Amino acid sequence: MSGCFVTFEGGEGSGKSTQLERLAGRLRARGLDPLVTREPGGTPLAEGIRELLLDPARRPPPMAEALLMEAARADLVANVIRPALGSGRIVLCDRYDDSTLAYQGGGRGLPAELLRTLNRAATDGLKPDLTLLFDLDPAAGLARRARTAASVNRLDREPEAFHARVRARYLELAAAEPRRFAVLDGALPPDRLEALVWSALEPRLAALGVRGAV
Ligand SMILES: Nc1ncnc2c1ncn2[C@@H]1O[C@H](COP(=O)(O)OP(=O)(O)OP(=O)(O)O)[C@@H](O)[C@H]1O
Ligand SMILES: [Mg+2]
């Protein structure tokens, strides 16, 4: 059995973590044991890189930012995600390689082909079975974060145009791979989104034969 790999993507404050937690709760209620992780992060090395990357005091050049992301990703995929999938678990990951294409590509303007090559190298070609894209006006997402987030991170401080480019690139990625992506309207209420997330995932779990899912 090969598990099921689900990634959560979208801009700042779009509702990724809220829905990831809800989905994890639903799966646990069915007796499943999802592995929950995040990017950048999820291993001691990658969490260290996360701190460096989100520190507002730093200004890494875009290529340094991209390579740090990929280093964190390579560690997470090899040490956490692949082993969990190998033992048949459902893996829920808060951001994954589409984030690099949207932020370092769309946002910072690094060449998409180069980023795809780096992604392939870091992940050894591992792609999600399902990617949930929470699409939301960046101003609304940042306003949510400003109300509730414990701290302002380096990406929150990017100008509106940056976040608009990230959003546009995400939508292009989703249009190019409609079977992998489910695009969800992040402005919907959390309960409604939770139901949509479940409708997107359930048929995939059934198709993959994940035990206890249906
Ligand atoms: N559908 C929703 N409608 C309104 N508010 C929401 C919704 N989903 C989440 N929120 C609230 O918006 C804020 C950001 O949500 P959440 O942390 O889930 O987003 P995120 O995409 O994980 O953000 P981040 O970019 O900070 O990781 C939280 O305060 C959360 O309670
Ligand atoms: Mg989050």
| remark: So the helices (runs of 4 or more DSSP H) completely within the stretch 26-111 holding 3 or more residues that are free of Cβ contacts under 8 Å to residues at least 40 places away in the same chain are 44-54, 62-76
| task | Take the residues in the stretch 149-175 that are of a type outside the set (Asp, Glu), in a helix (DSSP H, G or I) and free of Cβ contacts under 8 Å to residues at least 24 places away in the same chain, then tell me which one is nearest to residue 203 (Cα to Cα). | result | 175
| query | Hey, does the stretch 5-18 have a residue that's open to solvent by 70 Å² or more (accessible area, probe 1.4 Å) and within 18 Å of residue 153 (Cα to Cα)? | reply | no
| request: For the stretch 27-42, state whether one or more residues are polar (S, T, N, Q) and either modelled with pLDDT under 95 or more than 14 Å from ligand 1 (Cβ to nearest atom) (or both). | output: no
| task | Among the residues of the stretch 157-173, write down those that are in contact with a strand residue (DSSP E or B) (Cβ under 9 Å, 6 or more places away or on another chain) and open to solvent by 20 Å² or more (accessible area, probe 1.4 Å). | result | 167, 171
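In the stretch 16-35, what residues are within 12 Å of ligand 2 (Cβ to nearest atom) and either over 18 Å from residue 128 (Cβ atoms) or not small (Gly, Ala, Ser) (or both)?
16, 18, 19, 20, 21
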| field | Selection within the stretch 155-190 - within 12 Å of ligand 1 (Cβ to nearest atom), over 15 Å from residue 99 (Cβ atoms) and of a type in the set (A, V, I, L, M) | value | 184, 187, 188
| message | Take residue 82 and tell me if it is surrounded by 18 or more Cβ atoms within 10 Å (Cβ to Cβ) and either more than 21 Å from residue 114 (Cβ to Cβ) or charged (D, E, K, R) (or both). | response | no
| task | For residues that are touching a strand residue (DSSP E or B) at 6+ places or on another chain (Cβ under 9 Å) and assigned to a loop (DSSP other than H, G, I, E, B), scanning just the stretch 1-25, find the one that is farthest from ligand 1 (Cβ to nearest atom). | result | 3
| query | Among the residues of the stretch 106-123 satisfying the criterion of being closer than 22 Å to residue 80 by Cα and either among the β-branched types (Val, Ile, Thr) or touching a Lys or Arg at 6+ places or on another chain (Cβ under 8 Å) (or both), which is surrounded by the fewest Cβ atoms within 10 Å (Cβ to Cβ)? | reply | 117
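The values are calculated or read from the model by the stated rules, or taken from the named source; none is laboratory data. In this text, all values refer to a predicted model and were calculated from it rather than measured experimentally. Positions of Cβ are generated from backbone atoms using ideal geometry, with glycine treated the same way; all protein chains shown enter the neighbour counts. Ligands, DNA and RNA are stripped out before the accessible areas are found, and what is left, the full protein with its side chains, is counted by its heavy atoms. Shrake-Rupley method; radii C 1.70, N 1.55, O 1.52, S 1.80 Å.
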